[in-house]
Amino acid sequence: MGSQSSHHLSKIPDMEAIRRETGFSQANIVRLHHRFRALDKEDKGYLSKKNFLCIGELAVNPLCDRIIDAFFENSESVDFRSFIHILAHFRPIEEDKPKDLSTQELINSRKSKLKFAFQLYDQDKDGKISRNELLEVLRMMVGVQVTNEQLASITDRAIQEADLDGDNAISFDEFTKSLEKMNIEHKMSIRFLK
Ligand code: CA
Ligand code: CA
C-alpha cells in the first residue's frame, strides 16, 4: 500500500462497515471505488441508470436491464455503499473466507446468489416465478432465433420440471432445488471482482 492507496482510502466513508458487510478486501473496495468514481462522470457522488450502461460486463449480459434494475430497487440513484452491496452478490466464493466473517452468512454465498437471481425473474415480487415471468426472461436470453412456439414449450417444460407442488409457478425452494446441480457460484461471479 503506497501513499496513493491511503489517499483513496481516506475518501471512502464507512470502509470498515463495508468490508464487514460485503466480505470484500480493502484493496477490492478501493478498486471498486475507483470504478464507481469513473462511472460517476459528473462527479455527483451517486450513479443514475445511464451511468450503468458503461459497465461492459453488464452490457454483454442479456439480463442487463434486470440486473441494473436490481441496483435501483428503491431509488433513482445508487451511492457507493448500495453499489458495492449489489456487486458483492457477484463476488466469487473463495475457499479461504476471512476469519472474522466466517460466522455470518456471506452476501456472496450460494443462497444469496440464488436469491438475487430469483428476484431477476420474479418481477411482481410475489415470491413465485410465474409462467409469464419465466417466459419473459427466457426470451431475453435466447434471442430471436427461437420461435414463440418453441419458447413456450421450453418454458412449459422448465416449469413442469421445477414445479413440485403443482401450482404452475416456481417458488424459491423449487428454484433452489432445480438448480442444485448447476454451478451457480461460477455463473454468478464476475471476473473483475476477483
Ligand atoms: Ca412473480
Ligand atoms: Ca410450484
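What to note about this one:
- Whichever residue in the range 161-174 is away from ligand 1 (no atom under 13 Å from the Cβ) and under 17 Å from Val137 (Cβ atoms) and, among such residues, is surrounded by the fewest Cβ atoms within 10 Å (Cβ to Cβ): Glu161
- Residues in the range 56-81 that are in contact with a helix residue (DSSP H, G or I) (Cβ under 7 Å, 6 or more places away or on another chain) and of a type in the set (A, V, I, L, M): Leu58, Leu63, Ile67, Ile68, Ala70, Val78.
- Candidate set from the range 123-160 (those that are of a type in the set (Gly, Ala, Ser) and away from ligand 1 (no atom under 16 Å from the Cβ)); member that is nearest to the chain's Cα centre (by Cα): Gly143
- Whenever a residue of the range 44-70 is closer than 19 Å to Arg139 by Cβ, it has no partner that is assigned to a strand (DSSP E or B) and modelled with pLDDT of 85 or more lying with C-beta atoms less than 7 angstrom away and at least six residues away or across chains.
- Of all the numbered requirements in (1) modelled with pLDDT under 85; (2) touching a Gly at 6+ places or on another chain (Cβ under 9 Å); (3) hydrophobic (A, V, I, L, M, F, W, C), Ile55 misses one, and that requirement is (2).
- The criterion of at least 1 residues that are under 30 Å from Tyr121 (Cβ atoms) and of a type in the set (Gly, Ala, Ser) is met by the following helices (runs of 4 or more DSSP H) wholly inside the range 11-69: 56-59.
- The range 144-160: number of residues that are open to solvent by less than 90 Å² (accessible area, probe 1.4 Å) and under 12 Å from Leu134 (Cβ atoms): 7
- Single residue of the range 101-124 satisfying the filter (open to solvent by 90 Å² or more (accessible area, probe 1.4 Å) and more than 16 Å from ligand 2 (Cβ to nearest atom)) that is modelled with the highest pLDDT: Lys115
The values are calculated or read from the model by the stated rules, or taken from the named source; none is laboratory data. These numbers come from a predicted model, not from an experiment. In this analysis, Cβ positions are derived from the backbone assuming ideal geometry, glycine residues included, and neighbour counts consider all displayed protein chains. The accessibility values were calculated without ligands, DNA or RNA, using every heavy atom of the protein model including side chains. Shrake-Rupley method; radii C 1.70, N 1.55, O 1.52, S 1.80 Å.
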